[in-house]
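Structure, as structure tokens:
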There are 2 protein chains.
Amino acid sequence: MAAYIEPKVLKGFRDFLPDAEIVRRSLIENIENSCRSFGFLPIDTPAIEYAEILLGKSGGETEKQIFRFKDNGERDVALRFDLTVPFARFVALHRADLVFPFKRYHIGKAWRGENTQRGRYREFIQCDFDIIGSDTPSSDFEIILLIRAVFKNLGVDVNINVNHRGLFNRFLANIGQSEKSVEILRAVDKLSKVGEDKTRESLTELTGDANANKIIKFIGAKGDFKEILEQITELSGGACAESQRLTLLREYMRDACEDEDGEPFILNPSITRGLDYYTGVVFETFLKEMPDIGSVCSGGRYDNLAGLYSKEKDSISGVGTSVGLDRLLAALESLNKLPAANKCKTAVACIDGEKSGKYQALAQKIRKEGVPCEVFTDPCGEKNMVKQFVLAEKKGFQYVIIPSEDDSTVTLRDLSARQNIEMTLENLIKKIK
Amino acid sequence: MAAYIEPKVLKGFRDFLPDAEIVRRSLIENIENSCRSFGFLPIDTPAIEYAEILLGKSGGETEKQIFRFKDNGERDVALRFDLTVPFARFVALHRADLVFPFKRYHIGKAWRGENTQRGRYREFIQCDFDIIGSDTPSSDFEIILLIRAVFKNLGVDVNINVNHRGLFNRFLANIGQSEKSVEILRAVDKLSKVGEDKTRESLTELTGDANANKIIKFIGAKGDFKEILEQITELSGGACAESQRLTLLREYMRDACEDEDGEPFILNPSITRGLDYYTGVVFETFLKEMPDIGSVCSGGRYDNLAGLYSKEKDSISGVGTSVGLDRLLAALESLNKLPAANKCKTAVACIDGEKSGKYQALAQKIRKEGVPCEVFTDPCGEKNMVKQFVLAEKKGFQYVIIPSEDDSTVTLRDLSARQNIEMTLENLIKKIK
């Protein structure tokens, strides 16, 4: 048996102390409540799966990052690196037991052996919500509306940037550049990072001067939603199914949000979600007060989610998104908008160790009213009450309840006011509630 | 790229479909609320740690069961197999940042390569709560009271069996059998499984007839808390610190629970928690309606939690417990006492796809009142309303809202009554709330 082992956590992994964890849980609860209010249901999948399943569609980059090993039965297994791949496998496996359209959310840990120098973590919480089995504009819209609800409920203003990958492809076909779409998408995706000039340079190299100008015109279209839509529709060769879907989305937005001031939805033709597997509407979400940190919630529509794991011929189209919890938490902290937690701020003092049962009885009455109440466990004696105040202050509490000999009244110590007030239990509950 | 990969989960691992996951989350939320109401705070630790740290004190059995592997940096790492060892490491690492006594709960996944034939899972959720840094009877009591609150809030009656390992050791010393304590504890621990006769046999073999009788008398003491305490105190050589602590616990119980009918705390001298590392008070919790499934919440007091990971000389004593979530879930299901979930039971029908924005606007008004409301995304047309009813029934919903042309009224379809009723939005919210 070892005599001493140095306590340390692996690089890229984190402990969460109570102050940080309570906030993280509040944030998750908040997002979860938004999902539930829209009728989205939770699922869970194992942290460990067959490596073959998790790596199915991925290239070499994922393979390098994944935590992969042989289990005790010599199976080739790995830790999930996102919640999308397990969801695809889940849908293929349980297809017969799900009711479609299926609206699910999934909040859970995922692991990647990423380079931690980029400020990334090797263990992180993913927060995904999707509608699958419906290729309707209304399900595209519902995901966007739910994104909006999530951030509204958190009290932060966002711009949700929407685009349609299909319309962009149509535009490329219209200018005869379909064959280079992969390279063009890659260049366009860097626009916000490298700026318009550099993007134009790359595009000129790829497609020549005239085409580069057209592409810049497309991705840089200006105006409100309607005006931009008109421009990019024209550049794509006129009205089509994709432009009609965007028109419909705009109508939905107006109908669902007419009582709101401001327009959280922006048509942004430069949003392409890179080389991702999205095929239809795509979106990215930026905090109005901190756009520079990048998108905090991105997603879009994809075809044939479970295709790789399914022998059935009819594919399942879906639309969904993922909230970047770590990035969002950091942003909310800078903005001083972390969600409030129902944190305990009151303790019953422990004066005489023999009376702990009575102290607990008093606390029970307060807890019954929905107010958290701690009971201190280490007796201080009548003359050392200050010890209890110091402990309560260290814990960030606001009140200490000092029980009295008879049960009719108690003394409430307000730690910030440094005042003791005698009151009935009824008034005490009213005060600290 | 593979063309087809069979969708499957690893043996001993589980997917949770919405119905199961929603219940599991409600149960966790319920336990979490109980912990919070007592002022316990959440923490989290990484799923993966250095194997050396996780295996520190464990014997060969754990080593065989643990998921252990080399990460991409050739570090010897493993998945946590409980939340206790990571907590010990956590306390040693963050000792300076914690306020003692420290009351924490931790709910998270753990992994063991267990033999799944015993009905165990290789991935499971642990639910632990502890008070560390206080060796007071009142902290022993608070853990027991919190166990009681957890089950009370779940609406199930339990018997919490309490004992004191120290008093048992004193008894063994009193009959001159201290040296065989390990073997005796092992035999006593099997009492509930093998019965008194077999236990007596093993004890006779170990310690002779006379001692076996004394041990059986000790562990089989009958009566109420006070009567049993008197018997085992006498058998242990008279009043001592350990018997005084149990006396105090009984007083606390009376003081804190005097308004309750029945006595959930039982002094059970046969509870020893086997060869575990407990040193003081120990406890096991049984469902009154299903005692045979075994303890659903066990724990006790331990010395020097973080000793292995700490160079500091003063040890940290603690008391804590762990809820067996899987076993409890199964029991609650058989008892038909699964916690209620705020599950969505209402949907707005989708008649005309162009009006999805208006449907969402209507749903928003309902969600604002705290009532979850789904909006169906696939239009059925005026004449096919029954399609929406069928979908809602498949989802286990109770109501479908059929929007009308003007906004003043809507039609509510009650699916079980098979009735449509026209009403104002205000009345509708009242009805479905």
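The values are calculated or read from the model by the stated rules, or taken from the named source; none is laboratory data. Remember, it's a predicted structure, so these values are computed and weren't measured experimentally. Cβ coordinates were reconstructed from backbone atoms using ideal geometry, including for glycine residues, and neighbour counts include every protein chain displayed. These accessible areas exclude ligands, DNA and RNA; they are computed on the full protein's heavy atoms, side chains included. Shrake-Rupley method; radii C 1.70, N 1.55, O 1.52, S 1.80 Å.
Nearest beta-carbon of A to the rotation axis carrying it onto B: which residue, how many whole Å?
A:F69, 2
Restricting the calculation to Cα positions, tell me the Rg (one decimal) and the Dmax (whole number) of segment A:300-377 in Å.
Final numbers for Rg and Dmax: 25.3, 73 Å.
Quick check for me: using +1 on Lys/Arg Cβ and -1 on Asp/Glu Cβ, what's the dipole size of chain A about its Cα centre, in debye to the nearest 20? Kindly include the intermediate steps, with their values, before the conclusion.
Working: 61 positive and 66 negative charges, 152 e Å.
My answer is approximately 740 debye.
Take B:A96 and A:D406, extend 7 Å from each Cα along the Cα→Cβ direction, and tell me the distance between the two endpoints in nm.
Placing both labels 7 Å along Cα→Cβ, they lie 5.1 nm apart.
Taking the label point as lying 7 angstrom from Cα along the Cα-to-Cβ axis, what are the distances from B:K222 to the corresponding position in the remaining copies, in ascending order and in nanometres?
9.4
So the label point sits 7 Å from Cα along the Cα-to-Cβ vector; using that for B:E196, what distances do you get to the other copies, in nanometres, sorted shortest first?
B:E196 label point versus its equivalents elsewhere: 9.1 nm.
Once you keep just the Cα pairs under 8 angstrom separated by 6 or more residues, what percentage relative contact order results for chain B? If you can, show how the numbers build up before the last one.
Details: 675 pairs, mean separation 62.7, N = 433.
Taking the mean separation of contacting Cα pairs over the length of chain B, I get 14 percent.
Per residue, how large is the accessible surface of chain A? Use a 1.4 angstrom probe and give square angstrom. If you can, show how the numbers build up before the last one.
Values: 18600 Å² over 433 residues.
Result: 43 Å² of accessible area for each residue.
Got a sec? Which residues of segment A:69-83 lose 30 Å² or more of accessible surface with every protein chain in place, vs. that chain alone, 1.4 Å probe?
At a threshold of 30 Å² (probe 1.4 Å), the residues of segment A:69-83 that become less exposed are A:F69, A:N72, A:R75, A:L79.
How would B:T233, A:T45 rank on accessible area, largest to smallest, probe 1.4 Å?
So the residues, ranked largest to smallest area, are B:T233, A:T45.
Just the ratio, please: alpha-carbon radius of gyration of segment B:185-248 over 2.2 N^0.38 Å, N its number of residues.
Values: Rg = 12.8 Å, N = 64, 2.2 N^0.38 = 10.7 Å.
Cα-based Rg divided by the globular estimate yields 1.19.
Work out the FRET efficiency for A:K365 and A:E227 from their Cβ-Cβ distance, taking R0 = 51 Å, and round it to the nearest 0.05. Working shown, then result.
Numbers: r = 62 Å, r/R0 = 1.23.
The computed FRET efficiency comes out at 0.25.
What Kirkwood Rh does segment B:212-345 have if only Cα atoms enter the pairwise 1/r average? Answer in Å.
Numbers: mean 1/r = 0.0565 Å⁻¹.
This gives a value of 17.7 Å.
Three principal axis extents, largest first, for the C-alpha atoms of the protein assembly as shown, in Å?
That gives 99, 60, 55 Å along the principal axes, largest extent first.
Just the number, please: buried accessible area between A and B, total of both chains, 1.4 angstrom probe, nearest 100 square angstrom. Before the final figure, lay out each step's value.
Values: alone 23220 and 23250 Å², together 37220 Å².
The buried area between A and B, both sides summed, comes to about 9300 Å².
For chain A, which span is the longest to avoid every loop-located (per DSSP) member of GluC sites (Glu not before Pro) having at most 15 other Cβ atoms inside 10 Å?
Working: sites that count: A:E74, A:E258, A:E260, A:E289, A:E312, A:E369, A:E405.
Of all site-free stretches, the longest is A:75-257.
Rank B:I143, B:I125, B:I421 by mean-square fluctuation in a GNM of chain B with C-alpha springs under 10 angstrom and give only the top-ranked residue.
So, out of B:I143, B:I125, B:I421, the one fluctuating most is B:I421.
What percent do you get for the relative contact order of segment B:248-335 when only Cα pairs under 8 Å and 6+ apart count?
Working: 91 pairs, mean separation 18.1, N = 88.
Taking the mean separation of contacting Cα pairs over the length of segment B:248-335, I get 21 percent.
Out of A:P42, A:P101, A:T377, whose Cα points farthest toward the positive end of the dipole of chain A (charges: +1 Lys, Arg; -1 Asp, Glu; placed on Cβ)?
So the residue we want is A:T377.
Could you pull the accessible area for B:V282 with a 1.4 Å probe, rounded to 10 Å²?
It works out to around 0 Å².
For A:I421, place a label point 7 Å from Cα along the Cα-to-Cβ direction in every copy; what are the distances to the other copies, in nm, shortest first?
4.6
Provide the net charge surrounding B:K431, with neighbours chosen by a C-beta distance below 13 Å and charges set as Lys +1, Arg +1, Asp -1, Glu -1. Before the final figure, lay out each step's value.
On the way: positive: B:K345, B:R413, B:K430, B:K433; negative: B:E369, B:D414, B:E422, B:E426.
In short, 0.
Before rounding to the nearest 500, sum -39500 (n - 2.57) across all DSSP H runs of length at least 4 in the protein assembly as shown and divide by the residue total; then give [θ] at 222 nm in deg cm²/dmol. Display every interim value, and only then the final one.
Working: 30 runs with 348 residues, N = 866.
When only DSSP H runs of four or more count, the value is -12500 deg cm²/dmol.
Compute the FRET efficiency between A:T116 and B:N33 as 1/(1 + (r/R0)^6), taking r as their Cβ-Cβ distance and R0 = 30 Å, and round to the nearest 0.05. Intermediate values should be presented prior to the final figure.
Details: r = 35 Å, r/R0 = 1.17.
Result of the calculation: an efficiency of 0.30.
Just checking the output field for B:133-143: average partner chain Cβ neighbours within 10 Å of each residue's Cβ? It would help to have the intermediate numbers written out before the result.
Working: counts 2, 4, 2, 7, 4, 13, 6, 2, 5, 8, 1.
Partner Cβ neighbours, averaged per residue: 5.
Pop out the carbon and sulfur fraction of the accessible area of segment B:172-324 as a percent, whole number, probe 1.4 Å.
On the way: 3370 of 7470 Å².
The C+S portion of the solvent-accessible surface of segment B:172-324 is 45 percent.
Counting only the heavy atoms of the protein chains, how much of A:Y4 is accessible to a 1.4 Å probe, in Å² to the nearest 10?
90
Averaged over its residues, how many other protein chain Cβ atoms are within 10 Å of peptide A:390-401's Cβ atoms? List each step's numbers first, then the result.
Details: counts 0, 3, 1, 1, 3, 5, 1, 1, 0, 0, 0, 0.
That works out to 1 on average.
What do you reckon, how do A:D352, B:D130 stack up by accessible area (1.4 Å probe), largest on top?
Working: A:D352 55, B:D130 10 Å².
Output order, biggest surface exposure first: A:D352, B:D130.
What's the carbon and sulfur percent of segment A:371-416's accessible surface, probe 1.4 angstrom, rounded to a whole number?
Working: 1070 of 2180 Å².
It is 49 percent, rounded to a whole number.
What does the convex hull of the Cα atoms of segment A:331-427 come to per residue, in Å³, rounded to a whole number? Intermediate results must be reported in sequence, preceding the final value.
Values: hull volume 11.2 nm³, N = 97.
Roughly 115 Å³ of hull volume per residue.
To one decimal place, what Kirkwood hydrodynamic radius in Å is obtained for segment B:64-148 from all pairs of distinct Cα atoms? Can you show the working numbers first?
Values: mean 1/r = 0.0658 Å⁻¹.
Here the Kirkwood hydrodynamic radius works out to 15.2 Å.
Determine how large the accessible area of B:C373 is when every protein chain is in place; take a 1.4 Å probe and give Å² rounded to the nearest 10.
Using a 1.4 Å probe on the heavy atoms, I get roughly 0 Å².
Roughly how compact is chain A, stated as its Cα Rg over 2.2 N^0.38 Å to two decimals? Walk me through the numbers before you get to the answer.
Values: Rg = 27.6 Å, N = 433, 2.2 N^0.38 = 22.1 Å.
The value comes to 1.25.
How much of the accessible area of segment A:1-141, in percent, comes from carbon and sulfur atoms when a 1.4 Å probe is used? Let's see the in-between values first.
On the way: 2230 of 4890 Å².
Accessible surface attributable to carbon and sulfur in segment A:1-141 totals 46 percent.
Over all residues in B:360-371, what is the mean tally of Cβ atoms on other chains that come within 10 Å of each residue's Cβ? Can you show the working numbers first?
On the way: counts 12, 8, 2, 6, 8, 1, 1, 7, 1, 0, 2, 1.
Across the residues of B:360-371, the mean count of other-chain Cβ atoms within 10 Å is 4.
Taking one equal scatterer on every alpha-carbon of segment A:1-153, how large is log10 of I(q)/I(0) by Debye at q = 0.11, 0.14, 0.16, 0.21 1/Å?
Ignoring solvent entirely, the Cα scatterers give -0.56, -0.88, -1.08, -1.38.
Quick one: ranking A:Y277, B:Y252 by accessible area, 1.4 Å probe, largest first, what do you get? Write down the numbers at each step before the final one.
On the way: A:Y277 100, B:Y252 0 Å².
The ranking, largest first, comes out as A:Y277, B:Y252.
If you keep only loop residues by DSSP, which trypsin sites (Lys or Arg not before Pro) in segment B:326-418 have at most 12 other Cβ atoms within 10 Å of their Cβ? If you can, show how the numbers build up before the last one.
On the way: sites: B:R327, B:K337, B:K343, B:K345, B:K355, B:K358, B:K365, B:R367, B:K368, B:K383, B:K387, B:K394, B:K395, B:R413, B:R418; in loops: B:K337, B:K343, B:K345, B:K368, B:K395, B:R418.
For trypsin sites (Lys or Arg not before Pro) across segment B:326-418 that sit outside H, G, I, E and B with at most 12 neighbouring Cβ atoms in 10 Å, the list reads B:K368, B:R418.
Quick one: plug the Kirkwood hydrodynamic radius of segment B:1-40 (C-alpha pairs) into Stokes-Einstein at 20 °C, 1.002 mPa s, and report D in µm²/s.
Numbers: Rh = 13.2 Å.
Translational diffusion coefficient: 162 µm²/s.
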